[in-house]
Structures are given as structure tokens and as C-alpha cells.
């Protein structure tokens, strides 16, 4: 059943491409139907997984290139189900927030659905080669979405993103080939490779290579600079997908490929420098730097969308930090943070890029300051207050549960990481409130002149409300009742920890 | 004394396994105002009456449940049962560790919840009058009810995590209410400042919580012996050393105290509280005087077993010493600043900071009961003072500068009388006012603190200053002649009735905490309360009574001497300013703490943010550009090679073949379609070959 999320999205993309050009409404509705169908499938599979105690289940397994032992192997465990669910949510919300795209509408949604299909594919692949193919497929539509429908330096942003992605995939490909070759060249299946018993000396260089390759897409410092420029250049739906699911592709790869195939690569080197004695320490330090650094840079931005772009770098740092804690609670938190950040960042980008920018045609905080948005766009203001609260990790929202778990996990591993990450949280409050205050609640001129300032802003439309409610409901539901997802994530992480990682 | 000890021994813990019915339903207390808030949020703006009725009604019901719970605790207590009933449930489970939430009914939570519900209810009623003309009346009650729910959640929480969650929600509603008039830039800035400053404390709190969980595996306070505030876990934390010679218990306690200091405006995180006065006055009364700011004190009382872990009789712990010194310094420091403020609410705000310092010092030196008693009495008389100030502001047409008031005792007699009661309670006028008894208990324990006399002298000096600045304020506002514009008028009954009720309690509450009948203290400590009139004749207490009297006489006397009935103009320099100009300037500018933050912490972060931004723009971006250039250059070199070397040869060969005529010239027709067709053909062929070869 779950495999249909992939087929449906690609088929949808194909149909969109063939739809008549002058019927934008048709293209929109069709895309919405496809996205909702995908979400429905994800939800149904999640429910089915719950009855199955979220054991790993194989969906499709047919030989593909039998000479090389490559299988078309789709399977899902609890982690996959959670990220597939996230993809479904992001897809529906993305379509809703792209309702106003008038330029080549059908092509836009064709690329959009192709991207979604690729992402579903990555999350469900249990064959390394297949995973890599889907991973590459996802890069192409991303480029076109930004280059055609983007804004602010879109060619630069699109090219930077594509280059970074390809460098990352090149690293992954080398690792993939090396692992395949040294395991005897029988299979590219994830399970088979994990059990192949690669020598520790090889894992020791394969792990950092593959981890870095994937982590580039997860926005790991200092390979993060594609993220803010890419996010800013992208049209709203694309930035929602970039932050919401594409960055998760990277984190997912780190977990599913780097950590589970090369667990010995995390072992201590036997010597240490400045308290860093293993690749694990190296990546934890990079993650923590990313958390604090991303937050600080966000604090200094003048462009509203850049603030959110850098906040993504900061929040993804929590995912990476959670992954290298290598304990149950930290890694569970990391996966939960993937979901949480996907939803919250999507919401923030939607508000900034769609609800505000499409009406004010500026993202400069200094210009927004003079626009009295709290009175002219009360819906956007309150939505941003709520989304900002979720983003800064207030209890009741998914971010709190996820970050708390990561912090507990990293405290167990090394308290200093937690303490430094704590600084990032404080700065997180500062930049969110700064942006909020400047964009919505500052009053440079007397309120009597509010409506003299230019034309009336367009009213909020139903797709915007629906998308906001959808994403907001998701973060609230998980924040109040985290077991909803934790029950799925936990057994998968447990298996992962038992089956390779110490 | 002997009898008392026997009685203590006779107290036995109540059965925890089966919580009584009232404990089962304790969750209703925070839930009802929260639900009311949700319903109000969905109502349309003009529906004022239903909104107010819903908020007041829900809190009234909460008060009833709280009273029932309180009665249950008291009745068990009189039967010598120390009640501590908990209801816990698992919120999430990760691996072997459970994260649990729950609520607890014990004397501490029972006393606190009755206070919060009761004071809150009076302030809700008062708000109906105060906010009458505000266009966002419903939104106000929505936030207010949400605040009450969250605050009551803090009170009943039996889990540090649940407490933290409600704590954050309290902080959020505080932010929303301070910024309620967000059209005013100062209000919006104050709201942001409040949220950020308390959040700094909260991060320490969060770290303490993470540490506690990593150390004990639970965040529950009490859980039939397995909770984190129970001997087993405390013993483990005592045995674990950490940095700076602290035990894990001490370090965690200090981290949590940092969170409490943020919320309770302790030095050096007090800067947000005076600015928070930008909110509507009922908000100042409820949140920034009676309840939320006291939540920090309550938190320290809640984790007191952790703070005092390993204490020997007559001794102290590192954590408690820190609490004491921070509290005492805050008490003195804020009292000094209050002397030189001219805004009626700001004076009270600094006074609140100062009194919170007393509570902390009381906790540090005298234990839970001493600090909590002052918390309760202060909640009543400070809420009274704030609401009185609100009534004054309301009557003086939104004027807040005390120099532009005067002579209001005849124009607003009810407000004056009740305000006077609150002021005398705050000054600690002996015997008749509750503030005397609660402050006295703190001074008594400070006097008996064997490690240093510093805190005692600081608190005594602070008390003198308290009496002084309150006298100054009252003389400015109620005595002398009217210096404002228009006519001052008395507030409506819906505002003055709550004042009268609070004034009654500001006097009467002292009865439950006298040395002769320390009912409240015994209740919190689960001991029997004894009536012993001889306590009044003990030389120690008489000594203290004399000290207090001197404090009050000196404070009020000097205040009256400088300000009484003088009615100076607003432009005229202050009486104290003429006497001590440099001191006045320093105090008026709030000892430059805000400026200090501006040039240190804020500048530091701003600088780092800019450095990081610059790095990102030029260094990391530069690396990318450099790599791109490198590859582009390489590509150019290759292209040149290709064009002039490889391709040159190829072209030459082609030319020769083309010159030979035939098939090739027809293929190179220049028509794109045919190229594509050929390309497609090639792909199909290639695919077929691959397919066949892989099968073979």
C-alpha cells in the first residue's frame, strides 16, 4: 500500500505535465487530490503499522539488476512511517500554499509532485542503490522549482543548492561503491550490507565520508550555506519542502545509511585532541556549533525569510546532535525533531513567504516595520506568534518534546554539549521575538494612519487557513501526546541500536 | 517542646496508593479556567458579559474545588495524618525510561491553590470594572483565564516537567498580557524583555531538569518513595560529586533556583519586572505581584528537599546559602531603587522585587514555612496595593506619576483606607497587620542564622527603606493638595469591594502565623498547632518586636518628615534629591543595571551575531565562490584544450569525411526533430542492449 505513495506522486507529476496549460484551477485541484491521497495512504499505513507494533515490513521486493544484486526493495519501519507521514503533510500543505501560482501552474505542480515522489522513494528504500537513485531524482525538480518560480537571486540559489547536493551525493556514491565492493559485491540491500561485517578500518573512513555527504543536505555547519540562500530563493512551497522534507533526507541518510552501516566508524580513535576523540565527537561538536551559530546569524538578519532559513540550520543541529548521542532517548528525539522541524519550519516559511510576502512584496524587516501588519493581517500575526512559540520549543508543541529528548540524550553522552545547545535555545527566543516584533508588532507611525498606508491588503484565502490549521494541528497533537509518534520511532531506534551501533 | 515532638512522631503519612476523591479530581482546578479561556477565544469580540462571566465562574468553581481539597488536607491534619496524595501517569516512554506527569495534594499545594484562586477571583471581578472601556475586553479575559489555569497547573504539579510546561505557559500569558496594549512601543518592548529575561533563567531550569532526569530517571517529585524529592533519589544525588565541590543535588538545586530567580525577579534577572508594569493594572496585581512572580518562590519551596539535601540541624547547604544571599541582596537593592521612582506602579514593582527577596531569604534561612507565609500574606496586601493603585490611576484619568496626584484621601476615601491598610501591612506595622508577622518570622530566622549576620542587617535596612518609600508614595498620592488635571473620582463598587475584602485579609491573615499560635507553619510542616500564649513573653520575640517597631518608626517617620503634606510640584526637585543629589541620581536610574546589560550581554550577542553573519556571507560563501571559480577556470582550460586540441583534430577528420559527401551531410540537416529522433533511437537501442545483456 505504502509504495503507492511513490507511484501516485510520479503518475500525478506526469499527468500534471500533460494537462492543458491554460487551466490553472484544474492543475491545482488535481495536485491537491494527489497530495491528499498520498497523505491518506501514509496515515492508513501508519495506523496499520500501529497494529503491527511498528515492526519492519517489506512492501515490494523484486530483483532489479540481478547481476549486481540490486533489488527494487521497499520496506518501512517506524522511522520510515514517521517521515513518510511528514512528507504527506508537507505535500498537502505545500499545494495549499501554492494555490496562487499562476505562472505555468501545471508544470509547477508536475515538478512539485515529482519531488514528493522522490522523497517518498528515499524514505521507503531499503536498497542502497535504489535509495541513491531516488535521492538523485529529488534533486532535479528542486533545481527547476527554484530556478523558474523563485525570487531573490534564484539562479544563484538554485545552482548553489544543486552543486552542494551533487557534492554530497558524490561523497555518498563513493561510500556506497566502496561498501558494496568490500562486502563482496553480492548485494546493495541495507540489511545485507549491515550484516556484511565491514572491517573497522574501512568503516572508520567510510562513516565520516557518508555521514558528511548526507549531512550536507541536513544543513550541517559549515556546509550549511546552501540552506539559507536556497530557502530564500525558492518559491514558498519549495522552501517548505526544502526545510520540511529535503533537509530530512539528509538526516535520514545519516541515520539509515551512515550510522547503521558503519557503526564502527563512531568508535574512539584511541587518542583525543581538545576532548575530541572520535568522529562522533567531531560531528556532535559541529552540530552544537550549528545550533548556536545558526541562531546567532538568524539574529543578525534583515530579511525575514533569512531569519527562518538560518533557524532551520539551528534546529537541524538538534537532529544531528541527537543522532550522534547514540542512545535511545537522544536518537528517538532526533527522529521526532525531524518531524517537528518539518512541520514547524513549513509553517514559518508559509507565513513569511506566502501569507506575508505575497501581499507586502517585501521581506525586509525594516520595511515591514512600517506596515502595521498586526492590524492589517491579524491572521498572519497570530499564526506567526503561535508558530514562533512552537519554533522556540515552548511546551505543548512538538519541538519541546523533541528537543528535550535530544538534550537529555546528549547530557547522558556529554553534558557540555547540552549546556552549549542551551545557549542556542536562548538565542532562538531572541531571534524569533525580534522578527515577530519587527515584522508584526512595531508601531513606527501613529495608528490613525494605518489605512492610509497604501492599498488594502488582500484577504486571507481558505487554502492558507487550511494549510496553517493542518500544520499547526500536527505540531500541537504531537506536542501534547508525543506517544503518537514515539511508539513508532522507539522500536525502530531500539533495533538500530541493537543491530550494529553499540 | 517534648509534647510537640511526640506529636510529630505520631504523624503518619497518608496512604498514597489510593488517592482520595478530591485528589482524583484535582486536575479540574487548572482545567476549568483553561477551558473557559478556550471558549472565550472562540467568542466574538462584542460578547463582553458572557466572557467575563465565564472567566469568573470557572475560577469560582476552581476555588470551590480548591477549598474542598484544602478542607480535606486540614481535616486529615487534625487527625494527625500528613497528607501527600499523588496521581501520576506516564506521558511518554523512551526505552526503559518513563517520563511521567502527575499532580499532588499536600499542605503546600493546598495552601497555594486556595490563595491563587481566591486572589485571582477578586482580581477578575475587579477587572470587569477596570477594563470596562477597553475594546479588547474579551481577549483580556481569555488571556487572564489562561494565565489562571497555567498558574494553578504550576501549583498542583507533581512533576518537574509538568511544572515546567505550565511555567512556560505562565510566562507566555505574562508576555501576552504585558504586551496587551501592544500599540504602545514601550509595552511591546517590555513584553519582549520580560519573556527573554525569564527565558534565560528557564534555560538553567531546563538544564537542571535534564540533569535531574539523567541522574534519577524520574521527574516526579513524589511517587511512593521513587520520586526525585524522596530520600532514595536524594541520597543518590548527594553521593554524586560535580564541579566546584558541589554535590549533584546542590548543582541541580542551583540550576533550578536560577529558573526561579528569573521568574521571581531576583538579582540580577530582576530587570524585566518593573518594565512589566506596562501591562494593565489588574495584570500587574495578579501576575506581577501575587501569583506568577511568587511561582519562583513556590518552586524553591517545592524542591526544598533537594535544596536542603544533606543538611544537619543548625546547618545549611551551598544551595540554601546562595538562595539566602541572593534573596537578601535583592531585598535591599530593590528597596533602594524604589525610593527614587515616581511612577506609582514602578514603586510597587520594585517593592515586589524586594519582597520576593525577603521570601527567598526566608526560604534559605528559615525553611519552607517561613518563606511561604510571607508569600501568602504578601499576595494579599500587594494585590491590594496594586489594585488600589489601579483605582487611583483610574480615578486620575490614567495618570501614573505620583507627583501629579495628591490629596486623594478626600476624593477617594475607600481607596485611601484600603490602600493604607495595604501600605501598613507592607511596612510591617506591628501586631495588627499580617505583613508584620510574616516579615518578623523572616527576620527572626535571619537573626538566628549562624553563618553570617550580613543577611540580617540587609533585611533590616531593607525594611526601614520599605517603610520610607511607602510613606513617600502615600504622602504624594493621598496627602497634600491635588496637583493633577481634572477631577479625581472614586472608582465603582465592582473595584472597591475587592479592595475591601483584600484589606480585611491584609490585617487578619497575621492571626494564623503568630508565635503563640503558629498554625500555618505547623500546617506546612505537618506538625500539630499549639496555642501557647507564653511565646509572646519570650525575650527573643520581645526583642524582635522592639526592633520591628524601631524599623517602622524610623522608616515612616523619616518619610513623613521629608514628604508629609508637602505637595511639591512635579518640576520641583525631590526632597531627597536636594539632600543627596548623587545618590538620588544613581537610584533614579535604577543603579544602571539595564545599561550594564546593554553594554555587556546584549552588545556581546549582537557582536557575535554580526561576526557569524559576516562569516557566513564572506568566508563560507567565499569558499563556495572560490571553489566555483576554481572549477570554472578548470573548465575553461579544458574547453580551450578541447576546442584547439581534441576537437580540432575531430573537426578536421569530420571535414574530410564531409568533404567526401554521402550520408553524413544528410544527417546533419540542422533540424532539431531529426536529431531528437536519432537520440531517442539510440537510447532505445542502448536500453535494449543493457536489458538483454543483464538477462544473459
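Can you pull the mean other chain C-beta count within 10 Å for peptide A:294-304?
The shielding value for this peptide is 5.
What would the Debye equation give as log₁₀ I(q)/I(0) for region A:226-301 at q = 0.28 Å⁻¹, counting only Cα atoms as equal point scatterers?
-1.22
Distance between the C-alpha centers of region A:168-222 and region A:21-91? Whole Å please.
25 Å
Report the full-extension gain for the segment residue A:52 to residue A:163: residue separation times 0.36 nm, less the Cα-Cα distance, to one decimal in nm.
Full extension of this stretch gives 35.8 nm more.
Could you work out the mean count of beta carbons from other protein chains within 10 Å of each residue's beta carbon in B:199-208?
That average works out to 5.
How big is the Kirkwood radius of the protein assembly as shown, worked out from every pair of different alpha carbons and given in Å to one decimal?
This gives a value of 32.7 Å.
Which whole-percent values make up P(r) of region B:353-401 when all C-alpha to C-alpha distances are grouped in 10 Å steps starting at zero?
26, 35, 22, 14, 2
Please work out whether region A:1-133 counts as rounded, prolate or oblate from its C-alpha gyration tensor, where a ≥ b ≥ c are the square roots of the eigenvalues and a/c under 1.5 means rounded, while otherwise a/b larger than b/c means prolate and anything else oblate?
Oblate shape, in that a/c is at least 1.5 and b/c is the bigger or equal ratio.
Would you please give the FRET efficiency between residue B:489 and residue B:47, computed as 1/(1 + (r/R0)^6) with r the Cβ-Cβ distance and R0 = 35 Å, to the nearest 0.05? Numbers along the way, then the final one.
On the way: r = 29 Å, r/R0 = 0.82.
Efficiency for this residue pair is about 0.75.
Peptides B:581-588, B:105-112: what's the order by average Cβ count within 10 Å, highest mean first?
B:105-112, B:581-588
Taking every pair of alpha-carbon atoms in chain B, give the share separated by more than 41 Å as a whole percent.
Values: 89389 of 241860 pairs.
Looking at chain B, the distances longer than 41 Å represent 37 percent of pairs.
Do the sum for chain B: with -39,500 (n - 2.57) for every DSSP H run of n ≥ 4, divided by all residues, what is the mean residue ellipticity at 222 nm, to the nearest 500 deg cm²/dmol? Please report the intermediate quantities before stating the final value.
Details: 32 runs with 474 residues, N = 696.
Calculated from helices alone, the mean residue ellipticity at 222 nm is -22000 deg cm²/dmol.
For chain A, go through all pairs of different Cα atoms, get the mean of 1/r, take its inverse, and jot down that Kirkwood value in Å.
When all Cα pairs of chain A are included, the Kirkwood radius is 22.5 Å.
Sort B:135, B:399 by Cβ crowding within 10 Å, fewest neighbours at the top.
B:135, B:399
So how tilted is helix B:107-130 from the main axis of chain B? Cα-based, degrees 0 to 90, rounded to 10.
Taking the Cα atoms of chain B, the angle to B:107-130 is about 90 degrees.
Hey, can you rank B:142-152, A:104-114 by average C-beta count inside 10 Å, highest first?
B:142-152, A:104-114
Compute the distance from the alpha-carbon center of region B:397-470 to that of region A:379-426, in whole Å.
Computed from Cα coordinates, the inter-centre distance equals 41 Å.
With n ≥ 4 as the cut-off for DSSP H runs, can you work out [θ] at 222 nm for chain A, using -39500 (n - 2.57) per run divided by the number of residues, rounded to the nearest 500?
Result for chain A, helices only: -22500 deg cm²/dmol.
For labels at residue B:543 and residue A:282 in the simple 7 Å Cα→Cβ model, what's the distance in nm?
6.9 nm
Would region B:23-97 count as rounded, prolate or oblate if I go by the C-alpha gyration tensor, calling it rounded below 1.5 in a/c and otherwise prolate when a/b exceeds b/c, oblate otherwise?
Details: a/c = 6.83, a/b = 1.41, b/c = 4.84.
It is oblate, given that a/c is not under 1.5 and a/b is not larger than b/c.
Please say if region B:461-558 is rounded, prolate or oblate, where rounded means a/c under 1.5 for a ≥ b ≥ c the square roots of the C-alpha gyration tensor eigenvalues, and otherwise the choice is prolate for a/b larger than b/c and oblate otherwise?
Details: a/c = 3.84, a/b = 1.62, b/c = 2.38.
Since a/c reaches 1.5 but b/c is at least a/b, the shape of region B:461-558 is classed as oblate.
How far is helix A:24-51 tilted, in degrees, relative to the longest principal axis of the Cα atoms in chain A, given as a value from 0 to 90 rounded to the nearest 10?
Around 40 degrees separate the two axes.
With the crude spin-label approximation of a point 7 Å out along Cα→Cβ, what separation in nm comes out for residue B:632 versus residue B:397?
Those two pseudo-labels are separated by 6.9 nm.
Assuming R0 = 41 Å, can you tell me the calculated FRET efficiency for the pair residue A:170 and residue B:97, based on Cβ-Cβ distance, to the nearest 0.05? Before the final figure, lay out the partial values.
On the way: r = 40 Å, r/R0 = 0.98.
FRET efficiency, residue A:170 to residue B:97: 0.50.
So what is the relative contact order of region B:131-242, in percent, for Cα pairs below 8 Å that sit 6 or more residues apart?
Computed over region B:131-242, the figure is 18 percent.
How well do other chains shield peptide A:219-231, expressed as the mean number of their Cβ atoms within 10 Å of each residue Cβ?
2
Residue B:602 to residue B:532: FRET efficiency via 1/(1 + (r/R0)^6), r the Cβ-Cβ distance, R0 56 Å, to the nearest 0.05? Before the final figure, lay out each step's value.
On the way: r = 55 Å, r/R0 = 0.98.
E between residue B:602 and residue B:532, to the nearest 0.05, is 0.55.
Specify the angular offset, from 0 to 90 degrees and rounded to the nearest 10, of the alpha carbon long axis of helix A:128-149 from the longest principal axis of the alpha carbons in chain A.
20 degrees
So how do A:252-260, A:203-211 stack up, highest first, on mean other-Cβ count within 10 Å?
Averaged packing, sorted descending, gives the order A:252-260, A:203-211.
Can you pull the three principal axis extents for the Cα set of region B:403-501, in Å, largest first?
Taking the Cα atoms of region B:403-501, the three principal extents are 56, 28, 17 Å.
Give me the distance in nm between label points sitting 7 Å out from Cα along the Cα-to-Cβ direction at residue A:461 and residue A:477, one decimal.
About 2.6 nm separates the two model spin labels.
Bear in mind that the values in this text are calculations on the coordinates, not laboratory data. Computed from a predicted structure; not experimentally measured. Cβ atoms come from the backbone with ideal geometry, glycine included; neighbour counts cover every protein chain shown.
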